[in-house]
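J.: If you scroll down you'll find the structure; I have some questions about it.
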Amino acid sequence: LYETAPEVWGIFRKLRMMEHAGGIKYEPVIMGKNRVRIGVLSDTHGHLPEGVLRFVEACDVVLHAGDIGSESVVDTLEERVTLVAVHGNIDGGPLRLRFPEVQRIEVGGARLFMTHIAGYPGHYRAEVKKLLQEERPHLVVCGHSHILKIMYDKHLQHLHVNPGACGLSGWHTRLTAVRFIIEEGKPTNMEIWEKEKKGREGLAES
């Protein structure tokens, strides 16, 4: 369906992006916990290093910010962690049906907004900026750029987290992922997993 009717997916994408415009709702993920460990990864492009799994498997929630690449990646994650994911621009029909373009969750007392292509503070996509202005989440998570970026948006008053890429496809030279704690609505204890990118064989067990 995705290959034969991309215009349909374009319309569907806009509807999913705006579906909460009339009544914004952030869904609770972990109930009754004010201290939650969060793992964040993105742009696996079909390859999930074992080192990333070890880095995030003790987290209460793991976020995948899109460009998943294959269902096997999320199947593996869901066997070991509580996963919240969005699809990215390279993801085909099955992953687009399985995961939305935008996730809005409430975790550890914080509202978290996640989409694959967002931009970054001062340079957000127009439609994303409009949503952030209306919804005022505490954290914004995205991917796509393959650039690790963690920064506070003083204007919109949220923490922006792009974990970079942990897959092998793309121009990046290092694989990265992020984990942190949300305690009573505030992110703390930011940690970064980082590894030099080699060939697929060199990362098969890394």
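J.: At what distance in nm do the modelled label points of LYS154 and GLN133 sit from each other, each positioned 7 Å from its Cα along Cα→Cβ?
T.: Modelled inter-label distance: 2.0 nm.
J.: Let me ask another. Given charges of +1 on the Cβ of Lys and Arg and -1 on the Cβ of Asp and Glu, with all other atoms neutral, how large is the dipole of region 33-96 about its Cα centre, in debye to the nearest 20?
T.: Computed about the Cα centre, the dipole is about 360 debye.
J.: Which entries in LYS154/LYS198; LYS25/LYS149; LYS130/LYS195 show an alpha-carbon gap greater than 32 Å?
T.: With Cα atoms farther than 32 Å apart: LYS154/LYS198; LYS130/LYS195.
J.: Please arrange LEU48, LEU53, LEU41 by how many other C-beta atoms lie within 10 Å of their C-beta, fewest to most.
T.: LEU53, LEU48, LEU41
J.: Taking 0.36 nm per residue of separation and subtracting the Cα-Cα distance, what length does fully extending GLU78 through MET31 add?
T.: Length gained, GLU78 through MET31: 15.1 nm.
J.: Turning to a different aspect of this structure: Under 5 Å between amide hydrogens, which residues at least 5 positions from SER70 or on another chain qualify, with H placed 1.01 Å from N in the peptide plane?
T.: GLY46
J.: Taking the Cβ of GLU27 as the centre, find all other residues whose Cβ is under 12 Å away and add up their charges (Lys, Arg: +1; Asp, Glu: -1).
T.: +2
J.: Please give the net charge around VAL62, taking every other residue with its beta carbon less than 14 angstrom from that of VAL62, where Lys and Arg add +1 and Asp and Glu add -1.
T.: -2
J.: With an 8 Å Cα cut-off and a minimum separation of 6 or more residues, compute the relative contact order for region 144-203 in percent.
T.: It rounds to 25 percent for region 144-203.
J.: Out of residues 5 or more away from ALA85 or on other chains, whose amide H comes under 5 Å of its own, with H placed 1.01 Å from N in the peptide plane?
T.: Amide H neighbours of ALA85, under 5 Å, 5+ apart: HIS64.
J.: When Lys and Arg each count +1 and Asp and Glu each count -1, what net charge do the other residues less than 14 Å away from VAL74, Cβ to Cβ, add up to?
T.: With Lys, Arg at +1 and Asp, Glu at -1, the neighbours total -4.
All of the numbers you see were taken from the coordinates with simple rules; none came from a lab. Note that the structure is a prediction, hence the values are computed from the model and not measured. Glycine also receives a Cβ, built like all others from the backbone with ideal geometry; neighbour counts cover every protein chain displayed.
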